[in-house]
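Only one structure is covered here, and it is reproduced in the block below.
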Amino acid sequence: MQNIGIAVTGSGSAVPSTFLDNHGLAEIVETSDEWITTRTGIRQRHLAKCSESLSAIAATAAARALESAGLTANDVDLILLATSTPDDLFGSACQIQGILGANRAVAFDLTAACSGFVFGLVTAAQYIRTGVFRNVLLIGADMLSRWVDWEDRRSCVLFGDGAGAVVLQANQSDRLLGFELKSDGSQNSCLNLAYTCEDQELIPGVSVSRGKFQPITMNGKEVYRFAVQKVPEIIDKALFHANLSPDNVDWLVLHQANQRILDAVAQRLNIPENKVISNVSRYGNTSAASIPLALDEAVREGKIQPGDMIAASGFGAGLTWGAAIFQWGR
Ligand code: UT7
């Protein structure tokens, strides 16, 4: 079989219009702009109201990505939605397909929390490499604000809502040069959005589970430690697969969880500050959306240029973490 390459040919993003800055948060919980800014780098986050669906915002980001790739909805073979906060537990990718009118596309959701975009990129790449699909729309979208405990100051200051998307296409030259993915379920309890339930007896001896999802719980210190240790390691591994070193990286595009994590990872890899893409101050942690949102802004600002070498890495609940090394454009 002929080797089929992969190119990332377009990007788009969208966020809800309403935002909450740190001063506003300080009216809800005992915190301060000074604490949040120094510990996380976050200054504000965009939040979706009830009338703003995840599918709608994801479809807006997706339409922008298609436009920038020069494709129409009808060209799309596969829509992959990385999310932990679908509008419907059966999945939201098909709703997005419907909004876009991408009638030929197969559509499904993929859940890997804040690693969802990188896991999705690698998943999309497998379909392209095997010749099954040629044009894939990969969307990372989350509305964690739906599941935040707004009385828990240790976590509610971190999260925001948004969506980002990229188009991956079959290409003569292969621009996806290396990747590595990892999971560690033994640390699952560090970060959860868990279903809890009680038994409801239907007839004697037959019960079903009746429950609901609980707000996000997080051991911030453990997640911080995990990220700062594992993310540089996995980027190094992905670079090794690509036969490259950190010196070859033009842009480090990490999951935007905390500015201190971005700085620490860059420092460990010896990648200078001016190569680190960061928009965490304006959006907070948007989970699966954060990498494509940061990528799209950097492309539209003209920072990321065709041919630039990007090291992207996501990390989060699961625990999961992953890295992908790719060149922007065809
Ligand atoms: O996608 C992955 C998602 N998760 C993450 O990326 C989280 C990674 N972890 C982190 O980013 C950091 O651990 C946090 C930003 C969550 C917390 O920063 P920290 O430097 O680890 O703070 P801490 O948890 O050690 O708390 C220090 C102090 C505590 O007070 P005491 O016990 O020292 O008196 C907290 O109670 O800060 C207090 N604190 C706050 N104070 C004001 C915790 N949250 C707040 C707050 N405002 N929002």
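The values are calculated or read from the model by the stated rules, or taken from the named source; none is laboratory data. Computed from a predicted model, the values in this text were never measured in an experiment. Counting neighbours? That spans all protein chains shown, and the Cβs are built from the backbone with ideal geometry, glycine included. Accessible surface is based on the protein model in full, side chains and every heavy atom, while ligands, DNA and RNA are left aside. Shrake-Rupley method; radii C 1.70, N 1.55, O 1.52, S 1.80 Å.
Mind checking the per residue accessible area of the chain for me, 1.4 Å probe, whole number of Å²?
Working: 14520 Å² over 330 residues.
Normalised by residue count, the accessible surface of the chain is 44 Å².
Counting Lys +1, Arg +1, Asp -1, Glu -1, what net charge surrounds residue 222 among other residues with beta carbon under 14 Å of its beta carbon? Intermediate results must be reported in sequence, preceding the final value.
Details: positive: 154, 221, 225, 230; negative: 184.
Neighbourhood net charge equals +3.
What does the charge add up to near residue 242, with Lys and Arg as +1, Asp and Glu as -1, over the other residues with Cβ less than 12 Å from its Cβ? Intermediate values should be presented prior to the final figure.
Details: positive: 175, 237; negative: 174, 180, 236.
Computed value for this residue: -1.
Leaving ligands, DNA and RNA out of it, report the carbon-plus-sulfur percent of the accessible area of the chain at a 1.4 Å probe. Each step should come with its number before you reach the end.
Values: 7120 of 14520 Å².
Roughly 49 percent, rounded to a whole number.
What share of the DSSP beta bridges in the chain is antiparallel, in percent to the nearest 5? Don't skip to the answer; put the middle values down first.
Values: 47 of 63 bridges.
Of all bridge pairs located within the chain, approximately 75 percent are antiparallel.
Write down the Å³ per residue value for the convex hull defined by the alpha carbon atoms of segment 5-175. Walk me through the numbers on the way to the answer.
On the way: hull volume 19.7 nm³, N = 171.
Convex hull volume per residue, Cα atoms: 115 Å³.
Based on the mean of other Cβ atoms within 10 Å per residue, sort peptides 91-103, 283-295, 266-278 so the most packed one is first. If you can, show how the numbers build up before the last one.
Working: 91-103: 20.4, 283-295: 30.3, 266-278: 16.5.
Packing proxy ranking, top to bottom: 283-295, 91-103, 266-278.
Protein chains only, probe 1.4 Å: how do 221, 49 rank by accessible area, largest first?
Values: 221 150, 49 105 Å².
Ranked from most to least accessible, the order is 221, 49.
Given H placed 1.01 Å from N in the peptide plane, which residues other than close sequence neighbours of residue 249 have an amide H under 5 Å from its amide H?
Excluding prolines and chain starts, which carry no amide H, there are no hits.
At a Cα cut-off below 16 Å, give the aspartates and glutamates reachable from residue 182, other chains included and same-chain residues fewer than 8 away excluded.
Residue 182 reaches 233, 236.
Counting Lys +1, Arg +1, Asp -1, Glu -1, what net charge surrounds residue 85 among other residues with beta carbon under 9 Å of its beta carbon? Please report the intermediate quantities before stating the final value.
Values: positive: 146; negative: 87, 142, 161.
Net charge in that neighbourhood comes out at -2.
Just order 4-10, 156-162, 180-186 by mean Cβ neighbour count inside 10 Å, highest at the front, would you?
Details: 4-10: 21.6, 156-162: 25.9, 180-186: 14.4.
Result, highest mean first: 156-162, 4-10, 180-186.
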